[in-house]
Amino acid sequence: MERIKRIAPWLVAVGFFMENLDSTILNTVVPVISHDLNVTALSLKSIVTTYTLSLAVFIPISGWMADKFGTRKVFRTAVALFTLGSLLCGVSVNLNMLVASRVLQGIGGAMMTPVGRLVLVRTFPRESLLRVMNFVVIPALIAPMVGPFLGGLIVEWLPWRAIFFVNLPIGIVGWWLVGRYMPDHRDPDVPPMDKWGFLFFGAGVAMLSYVLEVFGEHSLSTGPVLALTIGSVVLLVAYGIHSRLITDPLLSIRLFLIRTFRISVMGGFITRLGLGGMPFLLPLLYQLGMGYSPLQAGLFTTPQAV
């Protein structure tokens with residue numbers, strides 16, 4: 001057990017590092033990918049938004065899956081999906097295939113982060129939990145610093161597909177180590193999955209994300225955009241009502257009654273509205289607007305993460 005306690009935080013930390021590295025390493029090479037796939041650079045924002053959307057849709061069910069099937073099996077499956085998604089991204093021949101592969105990556109990433117935290121919470125006593133959490137968060141903070149630079153460095157010397165192949169050896173070794181050293185926690189009394197909640201919430205978030213994307217591209221007229229917006233709001237409101245009527249909802253809205261939780265979520269949401277687009281937009285500005293190379297754009301983006 002002591003050996004598992006020593007190795008498990010490293011496995012979770014590497015998973016966090018892979019996920020955050022993949023979120024930032026791609027931004028610097030968007031112009032290169034758009035030129036190779038013969039699409040506009042801004043249309044490639046779909047490979048960023050679909051990854052984030054997959055996280056939003058599948059993170060809520062990751063805790064239930066861990067309780068139902070065991071943390072080891074779910075975390076190992078997440079690493080396998082993320083690694084397979086990385087391979088498919090690297091061999092993608094068009095934008096649609098790349099977007100679909102990013103969705104697969106997102107599903108794997110959605111299960112890695114919350115299940116990894118769940119493993120630590122259930123493995124370590126409360127007095128040492130803060131120290132362990134700080135340890136596994138550090139790689140997640142380092143990844144945005146090295147991601148843009150590493151992406152620029154790779155495409156300076158190698159094809160852009162190599163940025164996805166970086167994950168393959170890490171994922172394969174991690175998959176093997178998780179099978180040997182990841183604690184296997186599960187809840188024998190886990191309630192049934194909230195299928196209607198997953199449908200309402202997942203469809204509502206997906207539709208709202210699509211509305212925001214097409215709104216920025218102006219590819220649809222006002223009528224369809226308005227209809228999609230109303231549909232997404234109706235689905236999310238339906239989820240809010242549904243969650244109050246059942247005992248074990250997918251996401252408990254009652255958590256927002258806790259003042260500290262409510263303030264932290266609202267503050268994080270407002271902050272991300274301002275900062276979320278910068279890692280994507282700045283490399284485009286440096287390369288398409290100012291003519292810098294991907295490597296230079298990565299170096300210019302790194303100080304923001306620092």
Review point. With respect to SER23, is the statement that it is within 19 Å of the chain's Cα centre (by Cα), open to solvent by 10 Å² or more (accessible area, probe 1.4 Å) and closer than 15 Å to PRO283 by Cβ true?
Key: yes
Review point. Within the bounds of segment 71-80, is there any residue that is at pLDDT 85 or above and under 14 Å from the mean Cα position of the chain (by Cα)?
Key: yes
**Study point:** Selection within segment 119-130 - in a helix (DSSP H, G or I), open to solvent by 40 Å² or more (accessible area, probe 1.4 Å) and more than 10 Å from PRO183 (Cα to Cα)
**Key:** VAL121, ARG126, GLU127, LEU130
Check your understanding: For segment 131-168, which residues satisfy the criterion of being of a type outside the set (A, V, I, L, M, F, W, C), open to solvent by 20 Å² or more (accessible area, probe 1.4 Å) and either assigned to a helix (DSSP H, G or I) or in contact with a strand residue (DSSP E or B) (Cβ under 8 Å, 6 or more places away or on another chain) (or both)?
Key -> ARG131, ASN134, PRO139, PRO144, GLU156
Revision key, fill the gap. Restricting segment 261-306 to residues that are hydroxyl-bearing (Ser, Thr, Tyr), assigned to a helix (DSSP H, G or I) and within 21 Å of PRO31 (Cα to Cα), the one least open to solvent (accessible area, probe 1.4 Å) turns out to be THR301
Review point. Looking at segment 67-118, which of the residues that are aromatic (Phe, Trp, Tyr) and buried (at least 24 other Cβ atoms within 10 Å of the Cβ) is nearest to GLY171 (Cα to Cα)?
Key: PHE82
Review point. Does ARG244 satisfy the condition of being out of contact with any Leu (no Cβ under 9 Å at 6 or more places or on another chain) and at pLDDT below 85?
Key: no
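The values are calculated or read from the model by the stated rules, or taken from the named source; none is laboratory data. Quick caveat, the model's predicted, so the values are computed rather than measured. Glycine gets a Cβ as well: all are built from the backbone with ideal geometry, and neighbour counts include every protein chain shown. Just the protein is used for accessible areas: all its heavy atoms, side chains included, with ligands, DNA and RNA removed. Shrake-Rupley method; radii C 1.70, N 1.55, O 1.52, S 1.80 Å.
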